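Q: The structure's right below; bear with me while I get my questions together.
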Amino acid sequence: MPKIRDYWKRAGFAQKVALSLPVLLVMLGLGIVVANLVGMAMWQIEKARIEAAGETFDFAKNLPPSVPAEDNFCATPALLGLRFEENGNPRGRLENLLQWSSGDVRDYLKNWKYPAMN
C-alpha cells in the first residue's frame, strides 16, 4: 500500500492545490461556525443582563410619539400628497407641488405658527 508521503512527493502543484484547498476551506468554515456560536452565546448572556436592568430591545417601544398635525411642518397641504412607495420610489401628485403658487397655501403658511418649545 503506497504511503501518503510518497504520493505527496510525486504529486504536482495542481494536485497539491486540489487536495489542500478543500481541507483549508473546511478548517476556515469550522472556525467561522465556532466564532458564531461563541458570539451567539455571549449575546444571549449580555441581552439577558441588559433586559434585567430594565432596557428593551423592542423597536416599536423606542420610537418617539408621533407629532400632532398642527405642529408637523410636513403636514402642509403642498407636501401631503408626497409619499414613498414600499420600494422607495417617490410618488405624488404634481398639483400638490404646484399649489405653492396658489393663494390657499400662502394663506396657510402665513397663519401657520411655530410649535411651542417645551
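Q: Hey, any hits in segment 67-88 for a residue that's surrounded by 10 or more Cβ atoms within 10 Å (Cβ to Cβ), of a type outside the set (S, T, N, Q) and modelled with pLDDT of 80 or more?
A: Taking every residue of segment 67-88 in turn, at least one turns out to be surrounded by 10 or more Cβ atoms within 10 Å (Cβ to Cβ), of a type outside the set (S, T, N, Q) and modelled with pLDDT of 80 or more.
Q: Okay, next question. Among residues belonging to segment 1-50 that are surrounded by 10 or more Cβ atoms within 10 Å (Cβ to Cβ) and of a type in the set (Phe, Trp, Tyr), point out the one that is modelled with the highest pLDDT.
A: Trp43
Q: Out of curiosity, is Phe59 free of Cβ contacts under 8 Å to residues at least 40 places away in the same chain and within 30 Å of Lys110 (Cα to Cα)?
A: Working: free of Cβ contacts under 8 Å to residues at least 40 places away in the same chain: yes; within 30 Å of Lys110 (Cα to Cα): no.
So Phe59 fails the test.
The values are calculated or read from the model by the stated rules, or taken from the named source; none is laboratory data. Predicted, not measured: the structure shown is a model, and the values here were computed from it. So basically every Cβ, Gly included, is an ideal-geometry build from the backbone, and we count neighbours across all protein chains shown.
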